[in-house]
1. Sort Arg449, Arg513 from largest to smallest accessible area, using a 1.4 Å probe on the heavy atoms of the protein chains.
2. Can you work out the Karplus-derived ³J(HN,Hα) for every residue in the range 705-717? Use 6.51 cos²θ - 1.76 cosθ + 1.60 with θ = phi - 60°, whole Hz, and x for glycine or proline.
3. Please pull out the direction-averaged projected area of the range 306-356, using the convex hull of its alpha-carbon atoms, in nm² to one decimal place.
4. Rounded to the nearest 0.05, what FRET efficiency do Asp826 and Phe360 give with R0 = 35 Å and r taken as the Cβ-Cβ distance? Could you check?
5. Can you give me the long-range amide H partners of Tyr89? Hydrogens built in the peptide plane at 1.01 Å from N, cutoff under 5 Å, separation of 5 or more residues or another chain.
6. Divide, for the range 438-562, the radius of gyration over alpha carbons by 2.2 N^0.38 Å, where N is the residue count.
7. Around Ile266, what is the net charge, scoring Lys/Arg as +1 and Asp/Glu as -1 over all other residues with Cβ under 11 Å from its Cβ?
8. May I ask you to compute the full-extension gain from Thr475 to Gln173, defined as 0.36 nm times their residue separation minus their alpha-carbon distance, rounded to one decimal in nm?
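The values are calculated or read from the model by the stated rules, or taken from the named source; none is laboratory data. As the structure is a computational prediction, the values presented were derived from the model and not from experiment. Note: ideal-geometry Cβ built from the backbone for every residue, glycine included; neighbour counts use all protein chains shown. Areas reflect the complete protein model, heavy atoms only, side chains present, ligands, DNA and RNA absent. Shrake-Rupley method; radii C 1.70, N 1.55, O 1.52, S 1.80 Å.
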Amino acid sequence: MRSERECLTISIKSSTRVLQNWCPGWGVLEQLHPRGVQGVETRRQGWSKGATGATWIINNYLERTQGEAVDKASSSVMHFRDSKRKVDYVLAYHYRNRLARHLPGAGSPKPTRGSASLALVIELCPLDALEEEKRLQREEYERNLVEAGLEIEKDPENKSQGLSFVRIHAPWQVLSREAEILKIKMPTKKVYEITEEGGILKKLNEIWCKLTKPLQPQLLTIFIYYFFLGIGTLIANHVYDAAFPLHDLLYQEWARYGVFYKFQPIDLIRKYFGEKIGLYFAWLGLYTEFLIPSSVVGITVFLYGCITIESDIPSKEMCDQRNAFTMCPLCDKFCDYWNLSSACATARASHLFDNPATVFFSIFMAVWATMFLEQWKRLQMRLSYSWDLAGLEEEELLLTPIFATVQFCNDEEKLTWSDRMPGYATNFGLILFMIMLTFSAVFGVIVYRITTAAALSFSTKETTRSNARVTVTATAVIINLVVILILDEIYEAVAKWLTEIEVPKTEKTFEERLILKAFLLKFVNSYAPIFYVAFFKGRFVGRPGHYVYVFDGYRMEECAPGGCLMELCIQLSIIMLGKQLIQNNLFEIGIPKLKKLFRKLKDERTETKETDTNQSKDPQQWDLDYSLEPFTGLTPEYMEMIIQFGFVTLFVASFPLAPLFALLNNIIEVRLDAKKFVAELRRPDTVRAKDIGIWYNILSGIGKFSVIINAFVIAVTSDFIPRLMYQYAYSQNGTMHGFINHTLSYFNVSHLKAGTQPENSPFAHDVLFCRFKDYREPPWSQNQYEFSKQYWAVLSARLAFVILFQNLVMFLSVLVDWMIPDIPKDISEQIKREKVMLVDFFLKEEHEKRKLIESFIARDQQKHKIGTKAAPCGDACELGRHAGILLAHAVSVVGPQPSLFLQTPCGPWGIERVLLL
């Protein structure tokens, strides 16, 4: 194990390139300098002293002492004190100055004439020693920044404790050097453009451009440096509190709600925040645009249900009071027999969502999801080409601070399986526990529904008993929503902690594992109540005389007479709208403001009341940005949209208006996220990325999973298959007349168990048979109350529909995937044209070199007599070899060309021979 004062490896990075590593050897302060702590200084190139104080100059680093006042006229919110050099990056830290205390009995040392130096013996408490160690680390780190060519400016530490900033400026020479190393391309000539052919498409494109011109944002020309400092380890060890660039643009044309109708300035977002955040907003914009056609189709399906509700024969039969369908009691003892016509409103409402158009809408949404993913691949390719990301190599893998710390403490190059197994075991056990916790919460709500329904049935008020089902459903959904919101916040923190104890090596691995854990937990949490209503509720009830009971006397809850699809619609709509309104909007606005206020109050409480003579009255930009919430990544932004994408696709057969509500939410969400990134969060470091990463795989998985879910919702939850079977297999005239009677089975009330008959029922002596919804044999049959042949026929039809629906939708998805190319035609032609231009350039350069070499060969041959054999490997041969090697640069583009060779005294130097070299 290493000593207590371990060396710390800090990297200064531009994107992912390590500029310099340092590992200072720590020691006692008295050993660092003969004058003690007050004599410890960084390397200075010189100093100058003015009338009001001293100014220390370290390379291009300027530090002013306490006595010097800041010139307000020369100060700027975005620049150094000279108002010329722009602040590109800011480091923030809290400092605590120590008052010198002499050791007991040491006395006050007095200087003696002629002494070369004065040694002070200083007592350091543990807190002072820790603060001094942090100060030395900051000095070493800032000195390395200066040696790397950066220019820095610091605030004076003229109070006993407080907040200080280090402002960093990257000169043009440093930026140019880093751009060369990172291979950032800039156009040197006018780019080649593919001109579209004339015709009706060109005219339509011109008309579309004119119509959408008011929607285009006014773009500003800015240049953002791809330069950030890799100080994650220092921040993790609290040497610095924060590191961030400053905000300056983008609010007017992007983050205001007043510009919600305009397209997003994606190129400007990319320049301001980097490609990773630019790709997120491009994806969010495309997703919002694709919600428009799905919303239109969903509204059409809903309107179709509204128009055809009066002509729906099953609903009319159920509402007809002349059809005396006496139903069995909904509970034991306290519930009476009831008439099916009392559930007329539920049946009519179910038709709005349970109609033949929903089958078409489910197929449409499955194809829509495939088209959305294909269109995103095309847009991603277009952005990769325009942003020069197509040839982006995998960046150097950044180590996570937790991995660097654990590896450092273990004194090993890599962690073994024995080191990681405790973390993996904890992950497995805790994730399983969290999933069971979610199921327990769902089960708790089920128990609430059962007990509340039983309690309301005891009421003496007729209104309470008649509205018991609506009351129980509404309150249970609200409880589900509250539980989901609470568990979501808990699961997010748990997922992060579980990922940390796994000790991932790189930032990319850390992010992917965090996403998978958070998505798994939130997916189960968000959709578990909906899955219960869709596929489990009413499936294990039993039948009259043989009901399934829980907790000794409580019957399992049944679906409404119109089916569970209406309740599924209510559950889905309330959870979706509640999450969007509360979690995605109110939390995003309120929580950052509350955190900002809390941090401000905390800083005011810890700050002393000492006056700072060098501080300007107006807050500087770095003060304002430091008060903002730190950027923690795009995972929460993607996660809420992915969960919404699941609501839109997974159960869309039960709620066709889901795309419409998602569209209305996203119109606000785009500007809300923009405002949060610009005005509520510190500006993050620019990060280059080729794609959206693992989120695309999750989207693709949800799209495929939605096909299976919608197939089972239509086949199992809705009455689409029973209606279809009745109309074409059992109906005498091919219509839906008699469908309700066909789906209701008979039960002899004398077969009810003792103690479960309705008490004080006025119909007890008049009712011989009651009806219940199921396909069972009548009591006069030999196999009474067993499943009938119709049950098995309908079940076979349900399974056949699921198989047919899945294969049809999968075939259409594959067809759409095949028909839509991943690369747009104009981009592919542009790439081909650039390759041709590159080949022409290489061939032209090699042709000129060939002429030059031939002139050298001719001049060399003149120096020899006729008949004298040339030297086998002279200068001409060497020149020919170099020329052949230069020709090989074009091989990757042109391909092997045996006709390209140079005739030299050493023989032909063709491409094949060069490749052998």
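1. Sorted descending by solvent-accessible area, the residues read Arg513, Arg449.
2. So the J values, rounded to whole Hz, are 5, 5, 4, 5, 5, 5, 4, 6, 4, 5, 7, 9, 7.
3. Over all viewing directions, the range 306-356 projects a mean Cα-hull area of 4.1 nm².
4. Working from the Cβ atoms, E equals 0.55.
5. Amide H neighbours of Tyr89: Ile168.
6. Dividing the Cα Rg of the range 438-562 by 2.2 N^0.38 Å gives 1.41.
7. Neighbourhood net charge equals +1.
8. Gain on extension, Thr475 to Gln173, equals 102.2 nm.
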